[in-house]
Structures are given as C-alpha cells and as structure tokens.
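Undergrad: The following block contains the structure, expressed as structure tokens.
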C-alpha cells in the first residue's frame, strides 16, 4: 500500500469508529477485508487511526470536520504536510480537497487544542493543577510499552539479556524496580522466549508501582477483588508467597488468567458468586475499581470521547459501593487497597475520604499517584488499614 492508500484506509475505519463501532473491531474488520495489506501496512493504518482518536478535537478543528476525512486532513496540517500531496484521488488515495476543505480553519485553543472534552476540563484541570496541560499534551501521543519482570523466575538483567538476544531493546524504568521500557523491537515481543516462558509480562510501570505499595508478606491471604485480566494478581504473586484469590464481577474477564498464571509459575484461585464469601476473610483486599480510565487514554482513546458526565457520576456510585463490599471481606486489622487508572480527584482522593468518613475505623496508611507526563499511565492507590475490633 502507498502512504496515501494507508491514509484512505484510516479514513474509512475512522468513519466506522465515529458512528460507535469500537476501534479494535473496525480495524479487525478492515484487516479481514484487506488481505492485500501486509504487516507494515496494518501497523501504519493502526497508528493513523489511534493518532486521530487521541487528537480527535484538535484534528477535527484543523480538518474542518469531525469525520475520518477531517481528522486525517487535520493531522496532516498539524504535521506541516501539504494535504494536496496526499489528497490526489489517484489510485487508492483520498479524493482531492473540496473548496470548503481548502479553507484554513481557526487554530484550536484551550481544551480543544489539548484534546480534552469541554465538559471535563474543569475537573481535569483542578485535579492536576499546574500539571494539567502537560498531562493533556502527553495523552496526545502514543504510550510507551512497559514490561514487568517476573522476579520469581529471573533478574532484571537476565530478562534484558534474553529480550536483547531476540532484538528487543529495553531500559529500566524508575517507577518500579521490576519495570522495563521497550525502546526498540516492541512488535517482536509476542513471539519472544522471555514472554512465552513467563519471564516478563506486559504491564505499565505505574501499575507495577501500585502493587509495590501493598504490604505483602509470605503467608498472607490476598484477594484481588476486581481482577480483570489478572495483571496485578500476577504481580502480587511474584512479590511474596501468598495465598492468592481473584474475583471479578464479570468472570469472563479472567478467562486468560489461569494460563498466564501457569506460564508465570504462580498459583491463583478464581472465585465466583458465593465462593467469595466462603473463602474469606482476607488479610489484604485490592480493589482496582472500574473508572474513567483517564490515566490510560493514550492506549484506549475512545474512552475519552465516550465518557459523559452521567457515566462519570455512575462510576462514582459503583466505586463507593465496591469499597463498602470489599471492606467487609477484610480481616480485623486487615488492609484494603483502593486503586484506579484515573487522574481525576473525584475518583481518587474524594472517594477515599468519603469512605473514611462513613467508616471511621479505617485509616489511610499510604497514598500515591502517578501522572502520564512522567512516563507512565496515570494511576492512584490508597492503602487503608482497619483497627482490630472495627466492623
């Protein structure tokens, strides 16, 4: 495919996404229809689509329309490339620009230029303060690829050497002692020996740092209450010899966890329904709750545009309810950890303070956050302890 044909493919995929189709589904459907596209073509088209979604507001403004064509036109203008070199109509290139498309729009300003929804900007800016613009700019770019080294199997250096032997270059990331950032060869990871043998797992450095904040000791009984795919479950298992249990409101999210655990040399018991109550109580309960995902919008940019004020309020309600339920599963004198991949105070500090006001037997022992402009996803964790005799 020519560079122009790749852009036309991105235009068509974006038009599907803008009508509500998930980006991954739209990309997969295009790939099935386009057997002629090689691996480099697919990677390039994917990059165009996700760049457009990360920068949807500003590129739509620069392109004059919130459409696939408008977004690609806006991206070219931001990059300083002459659109007429691409919009030629020749072969599989996009059709030539219309007179209206040739009119240069006013440059975006404020939240539009920063690619933050207008309604969300007041909370986003108040939550991040002087870092708000830097965080917004960081979210307009692709996220780095981080790995967690399974220290139960291998050292950081040994993992780096194994990866390097297959053309994957890494450097340690300061956010966590187990974290590596891939600087070259990321697309080779899925077939790399270190990955297939469970020496490394894909996991953001801040997500790893969340687990590092947890007071894990050998022999503890630990519950990952909102386990999802189980990334934090496996990270906890690698840190101490614990009795580990995993639960999720939708058990289907955990379908790959047994295989991943076996590869990593970890043991985890999956719990559903009444099994959760019967197997408790737990010395530590981790709640990585459903949230806006504002800290990971570089990876899943659709979430930024599909979130509404009403959705966010409902998430606040769900988060508070999960905290109440999870607290009842902890032992006397136990620990409750609350985590989000959000940078919004309403999902983080406000939730925790509200919980403590409602349940004063719980005390905040530690609290930390990470922001995207510092080279990780945005994350938050609060570690709470309950006095013995609390209920």
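The values are calculated or read from the model by the stated rules, or taken from the named source; none is laboratory data. Computed from a predicted structure; not experimentally measured. Cβ placement follows ideal geometry from the backbone for every residue including glycine, while neighbour counts extend to all protein chains displayed.
Undergrad: Filter region 320-355 down to the residues that are surrounded by fewer than 17 Cβ atoms within 10 Å (Cβ to Cβ) and assigned to a loop (DSSP other than H, G, I, E, B) and list them by number.
TA: Of everything in region 320-355, just one residue is surrounded by fewer than 17 Cβ atoms within 10 Å (Cβ to Cβ) and assigned to a loop (DSSP other than H, G, I, E, B), namely 328.
Undergrad: Could you please find all residues in region 157-180 being part of a strand (DSSP E or B), in contact with a helix residue (DSSP H, G or I) (Cβ under 8 Å, 6 or more places away or on another chain) and more than 21 Å from residue 260 (Cβ to Cβ)?
TA: 169, 172
Undergrad: Separate question: Identify, from the list 190, 260, 253, the residue that is outside the structural domain of residue 285 (by TED's automatic domain parsing), within 20 Å of the chain's Cα centre (by Cα), surrounded by fewer than 21 Cβ atoms within 10 Å (Cβ to Cβ) and outside any loop (DSSP other than H, G, I, E, B).
TA: 190
Undergrad: Let me ask something additional. Can you tell which of 361, 347, 332 is in the same structural domain as residue 281 (by TED's automatic domain parsing), without any contact (Cβ under 8 Å) to a residue 60 or more places away in the chain and under 27 Å from residue 135 (Cβ atoms)?
TA: 347
Undergrad: Another question, then. Inspect region 142-156 for any residue being surrounded by fewer than 18 Cβ atoms within 10 Å (Cβ to Cβ), within 27 Å of the chain's Cα centre (by Cα) and in a helix (DSSP H, G or I) and give the result as yes or no.
TA: Yes: region 142-156 contains one or more residues that are surrounded by fewer than 18 Cβ atoms within 10 Å (Cβ to Cβ), within 27 Å of the chain's Cα centre (by Cα) and in a helix (DSSP H, G or I).
Undergrad: Just name the residue that is surrounded by the most Cβ atoms within 10 Å (Cβ to Cβ) out of those in region 47-63 that are free of Cβ contacts under 8 Å to residues at least 60 places away in the same chain and over 16 Å from residue 81 (Cβ atoms).
TA: Among residues in region 47-63 that are free of Cβ contacts under 8 Å to residues at least 60 places away in the same chain and over 16 Å from residue 81 (Cβ atoms), the one surrounded by the most Cβ atoms within 10 Å (Cβ to Cβ) is 49.
To keep it simple, each residue is scored yes or no on (1) under 28 Å from the mean Cα position of the chain (by Cα); (2) part of a helix (DSSP H, G or I); (3) in the same structural domain as residue 45 (by TED's automatic domain parsing).
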{"residue": "61", "(1), (2), (3)": "yes, yes, yes"}
{"residue": "66", "(1), (2), (3)": "yes, no, yes"}
{"residue": "70", "(1), (2), (3)": "yes, yes, yes"}
{"residue": "74", "(1), (2), (3)": "yes, yes, yes"}
{"residue": "96", "(1), (2), (3)": "no, no, yes"}
{"residue": "104", "(1), (2), (3)": "no, no, yes"}
{"residue": "116", "(1), (2), (3)": "yes, no, no"}
{"residue": "126", "(1), (2), (3)": "yes, yes, no"}
{"residue": "140", "(1), (2), (3)": "yes, no, no"}
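Undergrad: For residue 211, indicate whether it is under 19 Å from the mean Cα position of the chain (by Cα) and in the same structural domain as residue 292 (by TED's automatic domain parsing). Walk me through it before giving the result.
TA: On the way: under 19 Å from the mean Cα position of the chain (by Cα): yes; in the same structural domain as residue 292 (by TED's automatic domain parsing): yes.
Considered against the rule, which asks whether it is under 19 Å from the mean Cα position of the chain (by Cα) and in the same structural domain as residue 292 (by TED's automatic domain parsing), residue 211 comes out as yes.
Undergrad: Among the residues of region 193-214 satisfying the criterion of being part of a loop (DSSP other than H, G, I, E, B) and in contact with a strand residue (DSSP E or B) (Cβ under 6 Å, 6 or more places away or on another chain), which is nearest to residue 153 (Cα to Cα)?
TA: My answer is 203.
Undergrad: Tell me yes or no: at least one residue of region 272-289 is under 21 Å from the mean Cα position of the chain (by Cα), assigned by TED's automatic domain parsing to the domain that holds residue 335 and exposed (fewer than 15 other Cβ atoms within 10 Å of the Cβ).
TA: Checked against the condition, which is being under 21 Å from the mean Cα position of the chain (by Cα), assigned by TED's automatic domain parsing to the domain that holds residue 335 and exposed (fewer than 15 other Cβ atoms within 10 Å of the Cβ), region 272-289 yields no hits at all.
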